[in-house]
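Worksheet: the structure to be examined is printed underneath.
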Amino acid sequence: MYFQCPAPNIRHGEVCEFPRYWLRHLRGHVIVIGDHASIHKGERIREICRRFPRLHLEPLPPYAPQLNPDEAVWAYAKGR
């Protein structure tokens, strides 16, 4: 699991840069599972997916923290 903890909060531009990092370091298809936060959507994100066809964005259902395993990771990381 790859994650990033910018301070104080992540912005749309940082969301767009992080998949490029993964694509440089991982082989094959890269599947990104995300929530419905507004920073995970938009034309810039769609453009990255068009430019890199091995990048796949899969949204979680809304209001389903039990399906989002990184919720516990974020809670732990933010508590530190």
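The values are calculated or read from the model by the stated rules, or taken from the named source; none is laboratory data. None of these values were measured; they are calculated from a predicted model. FYI the Cβ positions are ideal-geometry reconstructions off the backbone, even for glycines, and counts take in every protein chain you see. When the accessible area is computed, the model is the full protein with side chains, heavy atoms only, and any ligands, DNA or RNA have been set aside. Shrake-Rupley method; radii C 1.70, N 1.55, O 1.52, S 1.80 Å.
For Val30, the amide hydrogen comes within under 5 Å of the amide hydrogens of Leu55, His56, counting only partners 5 or more places away or on other chains and with H modelled in the peptide plane.
Computed from backbone phi, the HN-Hα couplings of the stretch 31-37 come to 9, 10, 9, x, 8, 9, 4 Hz, rounded to whole numbers (Karplus: 6.51 cos²θ - 1.76 cosθ + 1.60, θ = phi - 60°; Gly and Pro given as x).
When the accessible area of the chain is split by element with a 1.4 Å probe, what percent falls to carbon and sulfur? Looking at the chain in its full context, I get 58 percent from C and S.
Annotation for Glu71 and Trp22: the two label points, set 7 Å from Cα along the Cα-Cβ direction, are 2.0 nm apart.
Across the stretch 23-78, the volume of the C-alpha convex hull divided among the residues equals 114 Å³ per residue. Each residue of the stretch 48-60 was assigned a 3J(HN,Hα) from its phi angle through the Karplus curve 6.51 cos²θ - 1.76 cosθ + 1.60 (θ = phi - 60°); the sequence is 4, 5, 5, 6, 10, x, 8, 8, 10, 9, 10, x, 6 Hz, with glycine and proline shown as x. Here the chain is treated with +1 on each Lys and Arg Cβ and -1 on each Asp and Glu Cβ, and its dipole about the Cα centre works out to around 340 debye.
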